[in-house]
Amino acid sequence: MFSRLGLWCHDRRVLVVIAWIVGLFVVNGVAGGVGNAFREEFNLPDVESRRGFDVIDEHFSGQGGGMGATIVFRAEQGVDDPEVQAAMEDLFTAVAGLDQVTTVVSPYSPEGAFQVSARGDLAGQVAFARLDLPEDTDFSQGVEIREFILDHEPDVDGLEIELGGGLLAEFEEPTSEIIGLSFAIVILILAFGSVLAMGLPIGVALFGIGAGTAIITLLSNVLSVPEFASFLGVMIGLGVGIDYALLIVTRYREQLHGGHSVREAVGVALDTAGRSVLFAGMTVVISLLGMLLMGVGFVQGLSLSAASVVALTVLASLTLLPALLGFVGERIEVTRWRGLLAAGLIAVALLAVGVGLGLPVVPAVAALSAVAVLVIGLFAPALKRVVQRSDPKPRDQTLAYRWSRVIQHHPWLSALGAGGLLVLLAVPVSSLHLGFSDEGNFAESTTTRRAYDLLTEGFGAGFNGPLIVAAELPADHDPAALEAITVAISDDEGIDFVTPAIVSDDGEAVLWQVIPTTGPQDRATGDTVNRLRDEVLPGPEAQLGSEVAVTGAVAVSLDFSSYLSSRYPYFFGAVLLLSFLLLMAVFRSVLVPLKAVLMNLLSIGASYGVVVALFQWGWLSTITGVQPAPIEPWAPMMLFAIVFGLSMDYEVFLLSRVREEWHRTGDSRTSVADGLAATAKVITAAAAIMVVVFGAFVLEPDRIVKLMGTGLAVAILLDATIVRMILVPATMELLGDRNWWLPRWLDRVLPDIDVEGHVDR
């Protein structure tokens, strides 16, 4: 099937390329016309925070559910200064007139009595206005509101205005994928010495990303898809797209070197590496789709978004790439100096754009120079010359072969040392704290962060993470019960302030707004929520005769983290079991897939540890610019799904070669060294590209993008080095022929899954 697919695309290459180009324009045109509706819905099942918000939505028109946006201001002369008050009230009136704003609750109004600081050195100097916005307000509308406020900001001496809240937050479009592309060009050229062998994987990856991000935009209109899903899609698509296409291109070139025609080489490449690509892609997609079982809106949207990008990159690798190989033919083996220099200049241009170096001068000059080199190269003999490459070394003289032999001579030392290092790196996972970052984790240079800090200084550490206690009122409730609840909450050691009971207009519900003494990301705040639920409120709740629910952003974060954590074992267990069974069917072995699963767990655990150390503990924060905070609850799940699938790719590619050699020679020791030598170059290049692409996102200001980039880069780096280069040869040496042991009864039951196809050697 794979060979026929490759040959069909090769023979109809014009049609295939046109179909991809037209399809790309159509899907992006539709996405552009429809627009996006990115949002995050924490539609948890029946948890306490959800029930509390249901009461607020039904009886308080959703008010009290948190601040979508705030205008925070500080006046050295005091916020009640006549000039300051007049200027700010004019601003509030103007903002209230915007179509996107429902109401503006001014600190000068009776409803805003608690919106002026009354503590410490900033008493009377800090205040805020709350903007009530419709539930369907998106980030693009938030940008319009922010720009309007900045344009109408009053000019009063001693007056400082900052904008807070998620909807008014400052987000920058990521450009790190461009940096990743620039380094990918260099790595591919250095590894394979061919400009066309470099360009094809990158081009195919870009086609898959272009279609995938458009699909994400369309999905956002029917599902809860967070805005960072597009960034994550680009990150994943660029990494896996280049990786998958590279495997096929590498096998294609091997067949050309073996004397096959272009058409035969395409068919064989698809029949061998194409199988591995589909297998690896399916593994990633299945792992990602496993998150649908979590039953949380935005997690499901994130799952489908990432899976769609991976699926499209696989499709591009299996259809578009064979067509492009048909156009390129044997020229993939020829690189002229003009092409090499032009590729280098393009890499420089991309790097300049990514880091913002001398925009637009440097990238423009580099790009124009690349064009000039190509044009001049048509006539200049020196630039037309072919770049000479050294002949490849015999397999047993390669560095990878000699390295494998060293590891195999010291298998116990190598296995224990490498395993111990991964375990050591995983130690920080023991202190993992799940939760959500907030505006307090923005860069200190942003107005979002400054607004957050002003509120903290003026109103206390817990002000940015208020709790809401809500309950429906029985018809015959005792008013004294409401006062008992107020007193019980205020007497708790973790509470700074609690409002008196606020009864809804219909008289059927009540709420209390509660300010903890500690910040929203402090573990002590979580302890306070649990203490209110388990110890403080049950007594007054019984007196009231109705459930009293603790909700708010912090409570939602706790419930969300607890809910996902309770389902992690099922998700991890399903992925691990599926991977074990698939690898057992592929390699006809019990021990090989068991080792693969265990070693993948070690590398993923180590990457988790690095993420915790950097993003939760704050190690190297002066270099990375990361503000310590809890780890997003969905991040371990997403990292696991992506990394496990990608590591399966390397596992299949390496062990299939080892197994081939073992079947051919029957020598378990030599087969390991030969398999490692045959695959080291492509695995190293593919892993290096992924590490660079993922690692480039560490440069982004957005914490979530930075966290995912770091986790993926570290996991791939550890998998391609410690696992593939040390643990695999060491453990296979220790087990010898037992690596391929499989009970006869199991051999008869298991399906025969061939991921390498058949090729004449």
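As a ratio to 2.2 N^0.38 Å, the alpha-carbon radius of gyration for the range 68-164 is 1.04.
I'm a student and want to see the number: the projected area of the Cα convex hull of the chain, averaged over all directions, in nm².
Numbers: hull surface 149.1 nm².
For the Cα atoms of the chain, the hull's average projected area reads 37.3 nm².
Orientation-averaged projection of the range 681-745 equals 6.5 nm² [convex hull of Cα atoms, one quarter of hull surface area]. Helix 361-376 axis versus longest C-alpha principal axis of the chain: approximately 20°, rounded to the nearest ten.
Take every Cα pair under 8 Å in the chain that's 6+ residues apart, average their separations, divide by the length, and report that relative contact order as a whole percent. Don't skip to the end; give the middle numbers.
On the way: 1326 pairs, mean separation 143.7, N = 761.
It comes to 19 percent, rounded to a whole number.
Could you tell me the center-to-center distance, by alpha carbons, between the range 408-462 and the range 259-302 in angstrom? First find each Cα centre; the distance between them is then 31 Å.
The slack between Ala524 and Trp741, meaning 0.36 nm per residue of separation minus the straight C-alpha distance, is 72.9 nm. If you wrap the tightest convex hull around every Cα atom of the range 648-729 and split its volume per residue, you get 66 Å³.
Compared with the dominant Cα axis of the chain, that is its longest principal axis, helix 399-409 is turned about 80°.
Just flag the chymotrypsin sites (Phe, Trp or Tyr not before Pro) in the range 346-422 sitting in loop per DSSP whose Cβ has no more than 14 other Cβ atoms within 10 Å.
Working: sites: Phe379, Tyr401, Trp403, Trp412; in loops: Phe379.
Within the range 346-422, the qualifying chymotrypsin sites (Phe, Trp or Tyr not before Pro) (loop, at most 14 other Cβ atoms within 10 Å) are Phe379.
Using only side-chain charges placed at the Cβ, +1 for Lys and Arg and -1 for Asp and Glu, the dipole size of the range 68-164 relative to its Cα centre rounds to 380 debye. The alpha carbon centroids of the range 612-688 and the range 554-591 are separated by 18 Å. Ranked by how many other Cβ atoms sit within 10 Å of their own Cβ, fewest first, the residues Arg74, Arg146, Arg12 fall in the order Arg12, Arg146, Arg74. Remark: the chain carries a charge dipole of roughly 6680 debye about the Cα centre, counting +1 on each Lys and Arg Cβ and -1 on each Asp and Glu Cβ.
Footprinting exposure proxy ranking of Ser603, Ser61, fewest other C-beta atoms within 10 angstrom first, gives Ser61, Ser603.
Entry note, the chain: the mean residue ellipticity at 222 nm calculated from DSSP H runs of n ≥ 4, each adding -39500 (n - 2.57), is -20000 deg cm²/dmol after division by the residues and rounding to the nearest 500.
Name the GluC sites (Glu not before Pro) in the range 453-510 that are in a loop by DSSP and that have at most 14 other C-beta atoms within 10 Å, would you?
On the way: sites: Glu457, Glu472, Glu483, Glu493, Glu508; in loops: Glu493, Glu508.
Answer by residue number: Glu493, Glu508.
For a footprinting-style exposure proxy, rank Phe580, Phe2, Phe25 by other Cβ within 10 Å, fewest first. Intermediate values should be presented prior to the final figure.
Numbers: Phe580 16, Phe2 21, Phe25 12.
In increasing order of surrounding Cβ atoms, one gets Phe25, Phe580, Phe2.
Candidate cross-link partners of Lys681 among the lysines, defined by an alpha-carbon separation under 25 Å and a same-chain spacing of 8 or more, comprise Lys393, Lys595. The distance separating the Cα centre of the range 190-233 from that of the range 1-52 comes to 10 Å. The angle between the Cα long axis of helix 553-587 and the longest principal axis of the Cα atoms of the chain comes to about 10 degrees, rounded to the nearest 10.
Each reported figure results from applying straightforward, stated rules to the coordinates on display, with no laboratory input. Remember, it's a predicted structure, so these values are computed and weren't measured experimentally. Counting neighbours? That spans all protein chains shown, and the Cβs are built from the backbone with ideal geometry, glycine included.
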